[in-house]
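Here is the structure we will look at.
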Amino acid sequence: MLERTIEIQNKEGFHARPATVLIKEASKYGSNIEIEHNGRLVSCKSIISLMTLKAKQGDTVKVYVYGDDEGEAMDSITSLFDNRFGEE
């Protein structure tokens, strides 16, 4: 299992568009990918769960990835956060 702490950089926080992008990317991998924010752990493959996190700009989340392709999946997910999900 891999774990990383990541800061939300998007001005609008983690809202519907980044959540949709994250689901699309997470669905490419067989590994389980989960995010934890304020003690709440949710799957990265569920829009409803992700939207309940209500993470704002500057908040930190922990990403957990476990499975056969966990290294590739973690790099890909981390890259999305680092690139602000393509937002300016």
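Values in this text are rule-based calculations from the coordinates and carry no lab data. Small disclaimer: the values here were computed from a predicted structure and weren't measured. In this analysis, Cβ positions are derived from the backbone assuming ideal geometry, glycine residues included, and neighbour counts consider all displayed protein chains.
The figures follow:
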| item | result |
| --- | --- |
| Neighbour count of at most 13 Cβ within 10 Å plus DSSP loop: longest trypsin sites (Lys or Arg not before Pro)-free window in the chain | 55-88 |
| Cα-only radius of gyration and Dmax that characterise region 40-88, units Å | 11.6, 33 |
| Part-to-part distance (alpha-carbon centres) for region 55-75 and region 22-37, which is given in Å | 8 |
| Size-normalised alpha-carbon gyration radius of region 2-86, reference 2.2 N^0.38 Å | 0.95 |
| Relative contact order (%) - region 2-86, alpha-carbon pairs under 8 angstrom, separation at least six | 45 |
| Full-stretch length increase - residue 28, residue 43 - with 0.36 nm per residue and alpha-carbon distance subtracted | 4.0 nm |
| Residue-span extension gain [residue 9 to residue 66] - 0.36 nm each, minus C-alpha spacing | 18.1 nm |
| Helix axis angle, 70-82 relative to the chain longest principal axis, alpha carbon, degrees | 10 |
| Label-reachable residues, region 19-59, where backbone N falls under 11 Å from a point 7 Å from residue 1's Cα toward its Cβ | 34 |
| Nearest 10 degrees, 0 to 90: helix 16-26 Cα axis against the chain principal axis | 10 |
